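Shown next, in structure tokens, is the structure this report addresses.
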Amino acid sequence: MLRVLVAGAGPTGLTLGIDLARRGVKVRIVDKAERFFDGSRGDGIQPRTLEVFDDLGVLDAVLKEGAPPAPIRVHLDGRPAGVRRMFEPREPRPDVPYPNAWVLGQSQLEAILRARLAEFGVQVEPGVALVGLEQDDEQVTARLSTGESARFDYLVGADGGASLVRKAIGVPFPGTTDETFRVLVGDVTAPDLDPAFGHWFAAAGDPMSGIVMTPLPGTGMFQYATVLGAGDDASLATMQAALDRVSSGVRLTGHGWATVWRPNVRLAERYRAGRVFLAGDAAHVHPPTGGQGMNTGVQDAYNLGWRLAAETGLDRYETERRAVAARVLGISTALLDRYAEGHEDAYRRGEEGFGLDITYRAPDATGALVTGDRAPDAPLRDASGDPVRLFDLFRGPHFTRLVFGGGTPDAATPD
């Protein structure tokens, strides 16, 4: 049986673990953190990622626990100044059943993914760090913090921007980090605020510099974000002082996870070295603007899982996914620049962030739908005349051959 070690138990590593386990691969997932993450962090799930979750069998739980993005009430000098949306909600179509983003805190999503993984008999191993690795032509030897040394057919680094795996295989991580621009992001309780809305607080004389607070479904908390001044820290006192400066009248009564974020834009030069692969933040790090980082990592895992299980097309993983990451870095950075420059429409989002237009088609391919494009959903009738969706046919670890018309498809035979 094929054996794969995944280093990192965030959304990327968990998604990969589910996909491998459902394909019969013996997978282990280790993470150096002693406890599972508890906070919102990447809380925006894009439409294409919802389609991935549909296939992996977790969509119902994600939809049940999350919520649509809330409209944002604007408050200038403490007075109401209108309501804005990042994008106008779109109606589902036969080919796009999940056309809108969804909000769910990252720790809640990870709990759903761990529960799905457990259905395949796989438990994440917290507090177990990968400390070294060596590989030969046939296997990878992983050294763990427990003292264990184990052999695997493949190893995947989904261990974040500071990836030990990436460093161990000597892959450069070029890019930029801006130490002059700092953003405080954290989870807070604000009992005076209506959780049916997000809230933007700013001074009337400087409406684009302020504080945004968006509700976190199922938690009673808001995700708080603002640009930090020199010397400010990630404390509740700092958060409250920023609100007081714009006469918000909002009282914060507590906070959980919080971090100070700096623009960090990097892309690994390679995604593979022999039997070792990189995915998620280990391969690319993004500004959080646009909500792309976690989604790109999930889709890395979805692209890699079937390749590892079948041990085929492995070089195409880097070709396909690195190009996507480069594009996403451009989108996220452009949005961040618009925020920093104070553009009034910087909060708006377009379809380029939904992931539905990602394609791996050949450069010379033509046509509305060709090999490498996202497969759309559609209502159909099966051979018995019963209604069925294309996504129903796709769901699962199998490959699906579609034949349209009155003929009968030839039986598929293995190579």
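The values are calculated or read from the model by the stated rules, or taken from the named source; none is laboratory data. All of these numbers come straight from a predicted model, not from anything done at the bench. Using ideal geometry, Cβ is built from the backbone for each residue, glycine included, and neighbour counts are taken over all protein chains shown.
Taking the range 39-69 as the range and being of a type in the set (A, V, I, L, M) and surrounded by fewer than 19 Cβ atoms within 10 Å (Cβ to Cβ) as the test, the residues that pass are Ala61, Leu63, Ala67. For the range 148-170, state whether one or more residues are of a type in the set (Val, Ile, Thr), surrounded by fewer than 17 Cβ atoms within 10 Å (Cβ to Cβ) and part of a strand (DSSP E or B). No; the residues of the range 148-170 include none that is of a type in the set (Val, Ile, Thr), surrounded by fewer than 17 Cβ atoms within 10 Å (Cβ to Cβ) and part of a strand (DSSP E or B).
Residues considered: Arg349, Arg322. Of these, the only one that is within 17 Å of the chain's Cα centre (by Cα), at pLDDT below 80 and assigned by TED's automatic domain parsing to the domain that holds Ala9 is Arg349.
Among the residues of the range 116-147, which ones are small (Gly, Ala, Ser) and farther than 21 Å from Val25 by Cα?
Answer for the range 116-147, where residues must be small (Gly, Ala, Ser) and farther than 21 Å from Val25 by Cα: Gly127, Ala129, Gly132, Ser145, Gly147.
If the condition is being more than 27 Å from the chain's Cα centre (by Cα), in a loop (DSSP other than H, G, I, E, B) and either more than 17 Å from Thr189 (Cβ to Cβ) or among the aliphatic types (A, V, I, L, M) (or both), then the range 216-268 contributes Gly229, Ala230, Gly231, Asp232, Val246, Ser247, Val250, Leu252. In this structure, is Pro92 within 27 Å of Ile18 (Cβ to Cβ), assigned by TED's automatic domain parsing to the domain that holds Met294 and either touching a Cys at 6+ places or on another chain (Cβ under 9 Å) or surrounded by fewer than 18 Cβ atoms within 10 Å (Cβ to Cβ) (or both)? Criteria not met by Pro92. Close contacts from the range 11-39, counting a first residue that is free of Cβ contacts under 8 Å to residues at least 40 places away in the same chain and a second that is in a strand (DSSP E or B), with Cβ to Cβ under 6 Å and a gap of 6+ residues or different chains, come to Lys26/Arg3.
Of all residues in the range 1-53, which are aliphatic (A, V, I, L, M) and in a strand (DSSP E or B)?
Result: Val4, Leu5, Val6, Ala7, Val27, Ile29, Val30, Ile45.
Might you check whether a residue that is among the β-branched types (Val, Ile, Thr), within 14 Å of Arg41 (Cα to Cα) and assigned by TED's automatic domain parsing to the domain that holds Leu16 occurs anywhere in the range 300-315? No; the residues of the range 300-315 include none that is among the β-branched types (Val, Ile, Thr), within 14 Å of Arg41 (Cα to Cα) and assigned by TED's automatic domain parsing to the domain that holds Leu16.
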